[in-house]
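In what follows, a structure is listed as structure tokens, so that the remarks can point back to it.
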Amino acid sequence: MKGFLDSLADLKSQGHTLVGCFPLYPPLELLHSFGLTPVVLWGLRQDITRLTRSDRHLQPYACGVARCLSEFVLSQGGEFLDAIFMYNACDTLRNLPEILQSGLEQDGSSLPLFRLHIPAVPINPPSASNYLEDQIWELTKELKKFTGRSFSGPAFLNSTVLYNQQRMLIGELEHLAATGRLGFADCADIVLSAGRMPVSDHIALMEHTIRDAANRTPGEPAARIMLSGILPPPAALLDVMEQAGLMVVANDLAAMRRSYGYLPAASSDPGAYYEDLYSNHHPCTTILPSADRRLEHIMKTARENTVQGFIFVGEKFCEYEYFEIPIIAQMLAAEGVRTLELEIGIDDTLNLDAHRTRIEAFAEMLRQETGRSRRDKDAV
Ligand code: SF4
């Protein structure tokens, strides 16, 4: 599949107006309803090989997502993007717009910037929901000015229907991976490609893949695992897991299940739609009001999928992700689920052998435990 930059070059040549959205959960439907093509700026690591420009503005102990995104916007943003969008997803990202804008100015360039502030408190009280609604309408006004189009309720409804279709198909794709009909590396690649292609093309790609994979014979895993973290690990590590007999039967990855796990009701009213989406979002460490539901959600998912191992793929320097892991590991251990913690830094993509060894050892331990529990059952 094409990389991020090649995909963007194709979209530009086809006349798309591209809005580069900072992760994690931008209001894609609203941008789409104005005829814009939102692209989500994560998964850039394979295309960004140097961080020369980013390193002038960002400390090296920022996460790889932010550093790659900054490098791209500063060095090639003007070439590919027509505007950028950001919201207060995390401390790292909320400070980037000013840094990037001043970096662009130093080079004599600029990019229009759209912003949104999502309340960091539960959205149920009227004060918070009114605030979010005002924010959405402010953004709508800016989009009207930028595109020269009026807001259209039916167009927005159509966009919400399309994005819900995408969410449902991603669910089907992940189910095929969980039953061994599709490799998880292929599944992750297709899900991540949502960030760099129009939603209708992504739907067509998934429909084609699902048709192909649906009739394959289900696989028999040596052990069933759940993956958590911001991004899936590099494909080379997913291959190691597969070769070691680990099947990803569930995930809690921000770029996958957390992004697509909740289906808001389709609506022609952006205020109501985003209140529903952000209030009931799949629990994520970066959506603070959802934090209370997160631990129980992970435990429930692990139980429902009879998970034997939990692999946390930490994004180095993403402090959000690390706080709960000791508690999650303890809770899972109490139910007999083993945890493996990995940490992927920006320089690790060419140096994965240590991770490879740890995954193989983890798989061996799970295989032995599974064999022991089968023998115990037979003995009874
Ligand atoms: S990896 Fe963590 S710190 Fe980096 S952008 Fe994502 S949420 Fe923010």
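Do the conditions hold for Gly15, that is, is it more than 16 Å from the ligand (Cβ to nearest atom), outside the structural domain of Asp269 (by TED's automatic domain parsing) and surrounded by fewer than 20 Cβ atoms within 10 Å (Cβ to Cβ)? So Gly15 fits the description; yes. Residues in the stretch 81-101 that are touching a strand residue (DSSP E or B) at 6+ places or on another chain (Cβ under 6 Å) and assigned to a helix (DSSP H, G or I): 1 in all. Only residues that are modelled with pLDDT of 95 or more and away from the ligand (no atom under 14 Å from the Cβ) were counted across the stretch 81-107, and they come to 5.
Screening Asp47 on (1) over 17 Å from His202 (Cβ atoms); (2) away from the ligand (no atom under 11 Å from the Cβ); (3) assigned to a helix (DSSP H, G or I) shows it passes everything except condition (3). Within the span defined as the stretch 28-35, every residue fails to be buried (at least 17 other Cβ atoms within 10 Å of the Cβ), within 16 Å of the ligand (Cβ to nearest atom) and either under 14 Å from the mean Cα position of the chain (by Cα) or closer than 19 Å to Ala188 by Cα (or both). Every condition in (1) in a helix (DSSP H, G or I); (2) surrounded by fewer than 18 Cβ atoms within 10 Å (Cβ to Cβ); (3) among the polar types (S, T, N, Q) holds for Asn124 except the one numbered (1). Is it the case that some residue within the stretch 162-184 is part of a loop (DSSP other than H, G, I, E, B), at pLDDT 95 or above, touching a Phe, Trp or Tyr at 6+ places or on another chain (Cβ under 8 Å) and not basic (Lys, Arg)? No.
When each of Thr285, Thr301, Thr357, Thr339 is tested for being in a helix (DSSP H, G or I) and surrounded by 16 or more Cβ atoms within 10 Å (Cβ to Cβ), the lone residue that passes is Thr301. Within the set Ala194, Ala204, Ala155, the sole residue that is out of contact with any Lys or Arg (no Cβ under 6 Å at 6 or more places or on another chain), outside the structural domain of Leu44 (by TED's automatic domain parsing) and within 30 Å of Glu343 (Cα to Cα) turns out to be Ala194. When you look at Tyr278, is it within 16 Å of the ligand (Cβ to nearest atom), in a helix (DSSP H, G or I), in the same structural domain as Glu369 (by TED's automatic domain parsing) and in contact with a Phe, Trp or Tyr (Cβ under 9 Å, 6 or more places away or on another chain), yes or no? Taking the combined requirement at face value, the residue satisfies it.
The values are calculated or read from the model by the stated rules, or taken from the named source; none is laboratory data. Here the structure is a predicted model, which means the values were calculated and not measured. Cβ atoms come from the backbone with ideal geometry, glycine included; neighbour counts cover every protein chain shown.
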